[in-house]
Amino acid sequence: MSLLELTGVDTYYGQSHILHDVSLTVDEGSLCALVGRNGAGKTTTLRSIMGVQNPRSGTVRFDGVDITDNDPHQTSQAGVSLIPEHRRVFPELSVEENLRLGHLGQDVAGDRVASLTDQVFEYFPRLEERKSQQAGQMSGGEQQMLAIARGMLSDPDMLLIDEPTEGLMPALVEKLRDILTRINRDGITVLLVEQNVELAFDISDYAYIIDEGENRVDGPSEELKQDDEIKDRYLALG
Ligand SMILES: Nc1ncnc2c1ncn2[C@@H]1O[C@H](COP(=O)(O)OP(=O)(O)OP(=O)(O)O)[C@@H](O)[C@H]1O
Ligand SMILES: [Mg+2]
């Protein structure tokens, strides 16, 4: 069953027409990848889903409900969590305070908060060790983990993750690959935007390639992974 469904989405920034008739479906329980060159419209797609930049036409349905015109808070309440690019954390606040912001205003019951917190500390033991440290003093990798952990604390059914491995050392990229796979196996549906196409194809079930704000190719990741022509045409740098 599809959990998220975009149909014919057109999104603009002012006069700039960025997404053209974008459609995609993410099955419940799956890990879906969205890839494409710089400027292809990946972040805009996630923002369109979340309601940061609402589509001008087309529809976004989540769990059967039309959320096209939602604002981000409503989308979050509906069960979607966006982990934006560039690992945005509140640098002045401690790790614990950042985590608390993840469930603030989300109607997550107290005992559920406790079990979600236990769970993210199990995924990211480093965060528990550093829970009273200022987030801005942690490494880039730790801040990315904190951004993901914070997103998990709203108790989402679906995570939208924008380039989590950007700028991370290879060892941390490997760790994130494991964590994303685990989060998905533990029952959260994931839409992953990644520049690291090999990683994205490796861990996803299905993938969409967009270019110039339009759908180009989609299919089982296993198949796309082996298609060098597609990779050269839509994913090569430059
Ligand atoms: N706030 C904005 N106002 C106007 N144009 C924007 C804005 N944000 C992005 N764009 C333009 O929209 C297009 C798509 O950008 P988007 O950020 O969605 O691409 P992306 O696929 O996420 O790229 P990247 O891989 O670099 O993150 C680009 O041409 C970009 O210049
Ligand atoms: Mg982007």
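Dipole check for the range 88-155: with +1 at the C-beta of Lys and Arg, -1 at the C-beta of Asp and Glu, and the Cα centre as origin, the magnitude is about 200 Debye. GNM on the chain, alpha-carbon springs under 10 angstrom: the most fluctuating residue among S132, S94, S76 is S132.
With the cut-off at 17 Å, report for the range 164-204 the share of all Cα pairs above it, as a whole percent. Numbers along the way, then the final one.
Working: 179 of 820 pairs.
That tail contains 22 percent of the Cα-Cα pairs.
State, to one decimal in nm, how far the label point of R56 lies from the label point of S16, with both points 7 Å from Cα in the Cβ direction. For R56 paired with S16, the spin-label model returns 1.4 nm. Residues whose amide H falls under 5 Å from that of Y206, counting only those 5 or more places apart or on a different chain, are L31, A33, S221, with hydrogens built in the peptide plane. For the range 88-155, the relative contact order comes to 58 percent (Cα pairs under 8 Å, sequence separation of at least 6).
Toward the positive end of the charge dipole of the range 28-140, with +1 on the Cβ of Lys and Arg and -1 on the Cβ of Asp and Glu, the farthest Cα among Q119, A109, Q133 is that of Q133. Each listed q (0.14, 0.20 Å⁻¹) maps to a log10 I(q)/I(0) for the range 1-116, found by the Debye formula over equal Cα scatterers with no solvent: -0.68, -1.17.
Lys/Arg Cβ at +1, Asp/Glu Cβ at -1, dipole of the range 1-150 taken about the Cα centre: which of Y12, P55, P72 is farthest positive-ward? Of Y12, P55, P72, it is Y12. Rounded to the nearest angstrom and listed largest first, the equivalent-ellipsoid semi-axes of the range 116-238 from its Cα gyration tensor are 29, 16, 12. With bins 10 Å wide beginning at 0, the percent of Cα pairs of the range 88-155 falling in each bin runs 24, 59, 17, 0. Sorted largest first, the spans of the alpha carbon positions of the chain along the three principal axes are 47, 38, 35 Å.
Where a number appears in this text, it was derived from the coordinates with a stated rule and is not lab data. Since the structure is predicted, the reported quantities are computational estimates derived from the model, not experimental observations. Every residue, glycine among them, receives a Cβ derived from its backbone with ideal geometry; neighbour counts consider all protein chains shown.
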